[in-house]
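First up is the structure itself, then whatever we jot down about it.
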Amino acid sequence: MFSTPNELFEYKGCNFISNIHNVEYLNKIPNLDIKKDDVIVVTYPKSGTVWMQQILSLICSNDNLAEAQSELTVNLVPWIEVERLPFKGSLLSPLYVTHLPYHLIPKNLKKGNGKVIYVARNPKDVFVSLYYFQNYLTLLESTSSFEDFLEKFIDGKVLIGSWFDHVREWYKHKDEFDFLFLTYEELQQDFRTSTQKLCDFLGKKLDEDKLEMVVEECSFKAMLANPMANYKHIPNKNPNGTFLRKGIIGDWKNHFTVAQSERFDKIFEEKMEDFPFQFVWDSKK
Ligand code: A3P
């Protein structure tokens, strides 16, 4: 256990935000009814969740594009772990996002019942993004120093928990699901090909015009300017910050010292030693 008053609380090995999540509802999640066509995007925080909300809401909008574009993406692709009123639009969404670790997900999400898209991002960039987020979002406690917060991140004493455990656990169980593993970096490097991959996985056929529209509307610049997708409605304590901050690969290089980076790499090697997927974090552009 660790002490972070009025901020995070631990529930079954996972750290939640006290003003957003509640135990009574979390207790119900294992028994939520997941249907055959439901799609669930799973991410560790700061790995591109809101990007995926925008991508999926457009890919899956079918003939209701105008409605999809005039509604907050968080309503179109809601959080599994946040109790909410049902969305009243005609787009009865079978799309969800979640940060839940593998062991807390609904029990009937299994092969043939729901699809899982896991998006992973370089943990060094995740950390930098989380550091700024923590000092932006009103509901999170501002950080101490970068160095101290890095220690907390490595120890998993942050929102949700350990990046290493999250990725490892989900990947270990991937064969239990209809599962697509993507990286934030892959989306950045070749967004069009990644979108095509997503469409194939979801069984969606987009014509050239629609594909082009998705590519345009999901760019960082377009999303930042789009009040339905930029999360500016979330209460914040820093008027100079934004939820969509930089949207780049490798911002960690502007923040980590050489010593911090080397130490992190060593920990990464130890914790991910037998991880079967070879990550490519660096930009080839
Ligand atoms: P940065 O803080 O590095 O800019 P999440 O949605 O999981 O909280 O992740 C947020 C991160 O995804 C932020 O990273 C944000 O800028 C980035 N992001 C959101 N939309 C994006 C887009 N269209 N293109 C690239 N990055 C995007």
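The values are calculated or read from the model by the stated rules, or taken from the named source; none is laboratory data. Keep in mind the model is a prediction, meaning the values are calculated, not measured. In this analysis, Cβ positions are derived from the backbone assuming ideal geometry, glycine residues included, and neighbour counts consider all displayed protein chains. To get the accessible areas, we keep the full protein, side chains included, count just its heavy atoms, and leave off ligands, DNA and RNA. Shrake-Rupley method; radii C 1.70, N 1.55, O 1.52, S 1.80 Å.
Of these, Gln260, Gln278, which one is of a type outside the set (Asp, Glu) and surrounded by fewer than 14 Cβ atoms within 10 Å (Cβ to Cβ)?
Gln278
From the set of residues in the range 194-205 that are part of a helix (DSSP H, G or I) and away from the ligand (no atom under 15 Å from the Cβ), which is most open to solvent (accessible area, probe 1.4 Å)? Walk me through how you get there before you give the answer.
To start, the set of residues in the range 194-205 that are part of a helix (DSSP H, G or I) comprises 194-202.
Add one more test, that the residue is away from the ligand (no atom under 15 Å from the Cβ), and what stays is 196-197, 199-202.
On the way: Gln196: 75, Lys197: 83, Cys199: 1, Asp200: 107, Phe201: 39, Leu202: 25 Å².
My answer is Asp200.
Find the helices (runs of 4 or more DSSP H) located wholly in the range 4-107 whose residues include 2 or more that are within 16 Å of the ligand (Cβ to nearest atom) and at pLDDT 95 or above, and list them.
Working: elements: 23-28, 49-59, 65-69, 73-76.
Filter on the range 4-107 gives 49-59.
Okay, residues lined up against (1) within 14 Å of the ligand (Cβ to nearest atom); (2) under 19 Å from the mean Cα position of the chain (by Cα):
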position: Val158; (1), (2): yes, yes
position: Arg168; (1), (2): no, yes
position: Glu176; (1), (2): no, no
position: Thr183; (1), (2): yes, yes
position: Arg192; (1), (2): yes, no
position: Glu212; (1), (2): no, no
position: Asn254; (1), (2): yes, no
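What residue, among those in the range 125-140 that are open to solvent by 40 Å² or more (accessible area, probe 1.4 Å) and modelled with pLDDT of 95 or more, is nearest to the ligand (Cβ to nearest atom)?
Only one residue tops the list, namely Tyr132.
Of the residues that sit in the range 145-176 and are open to solvent by less than 70 Å² (accessible area, probe 1.4 Å) and assigned to a loop (DSSP other than H, G, I, E, B), which one is farthest from Lys115 (Cα to Cα)?
Once the filter is applied, the top-ranked residue is Ser145.
Can you name the residue in the range 179-190 that is among the acidic types (Asp, Glu) and surrounded by fewer than 19 Cβ atoms within 10 Å (Cβ to Cβ) and, of all such residues, is nearest to Ile117 (Cα to Cα)?
My answer is Glu186.
Within the range 132-144, is even one residue touching an Asp or Glu at 6+ places or on another chain (Cβ under 8 Å), assigned to a helix (DSSP H, G or I) and on the phi < 0 side of the Ramachandran plot?
yes
Here is a list of conditions, (1) within 16 Å of the ligand (Cβ to nearest atom); (2) within 22 Å of Asn122 (Cα to Cα); (3) open to solvent by 40 Å² or more (accessible area, probe 1.4 Å); (4) under 19 Å from the mean Cα position of the chain (by Cα), and Glu217 meets all of them except one; can you say which number that is?
The number of the failed condition is (2).
Does Arg263 satisfy being out of contact with any Gly (no Cβ under 7 Å at 6 or more places or on another chain) and without any contact (Cβ under 8 Å) to a residue 12 or more places away in the chain?
Details: out of contact with any Gly (no Cβ under 7 Å at 6 or more places or on another chain): yes; without any contact (Cβ under 8 Å) to a residue 12 or more places away in the chain: yes.
Considered against the rule, which asks whether it is out of contact with any Gly (no Cβ under 7 Å at 6 or more places or on another chain) and without any contact (Cβ under 8 Å) to a residue 12 or more places away in the chain, Arg263 comes out as yes.
Determine, yes or no, whether Asn122 is closer than 28 Å to Glu176 by Cβ and open to solvent by less than 20 Å² (accessible area, probe 1.4 Å).
Values: closer than 28 Å to Glu176 by Cβ: yes; open to solvent by less than 20 Å² (accessible area, probe 1.4 Å): yes.
Answer is yes for this residue.
Could we say that Glu24 is surrounded by fewer than 16 Cβ atoms within 10 Å (Cβ to Cβ), in contact with a helix residue (DSSP H, G or I) (Cβ under 8 Å, 6 or more places away or on another chain) and charged (D, E, K, R) here?
On the way: surrounded by fewer than 16 Cβ atoms within 10 Å (Cβ to Cβ): yes; in contact with a helix residue (DSSP H, G or I) (Cβ under 8 Å, 6 or more places away or on another chain): no; charged (D, E, K, R): yes.
When the stated conditions are applied, Glu24 does not pass them.
Can you tell me which condition Lys111 does not meet? The list is (1) open to solvent by less than 40 Å² (accessible area, probe 1.4 Å); (2) over 20 Å from Cys14 (Cα atoms), and all the others hold.
Evaluating Lys111 over (1) open to solvent by less than 40 Å² (accessible area, probe 1.4 Å); (2) over 20 Å from Cys14 (Cα atoms) leaves (1) as the failure.
Checking the structure you have, find out if any residue of the range 34-42 is open to solvent by 40 Å² or more (accessible area, probe 1.4 Å), free of Cβ contacts under 8 Å to residues at least 12 places away in the same chain and within 21 Å of Lys210 (Cβ to Cβ). Spell out how you get there, then give the answer.
The initial filter retains those residues of the range 34-42 that are open to solvent by 40 Å² or more (accessible area, probe 1.4 Å), namely 35-37.
Then keep just the ones that are free of Cβ contacts under 8 Å to residues at least 12 places away in the same chain; that gives none.
No: the range 34-42 contains no residue that is open to solvent by 40 Å² or more (accessible area, probe 1.4 Å), free of Cβ contacts under 8 Å to residues at least 12 places away in the same chain and within 21 Å of Lys210 (Cβ to Cβ).
In the range 263-275, which residues are outside any helix (DSSP H, G or I) and either open to solvent by 70 Å² or more (accessible area, probe 1.4 Å) or polar (S, T, N, Q) (or both)?
Of all residues in the range 263-275, those outside any helix (DSSP H, G or I) come to 272-275.
Scanning the range 263-275 gives Glu273, Asp274.
Among the residues of the range 237-249, how many are surrounded by 15 or more Cβ atoms within 10 Å (Cβ to Cβ) and among the small types (Gly, Ala, Ser)?
Qualifying residue count for the region: 1.
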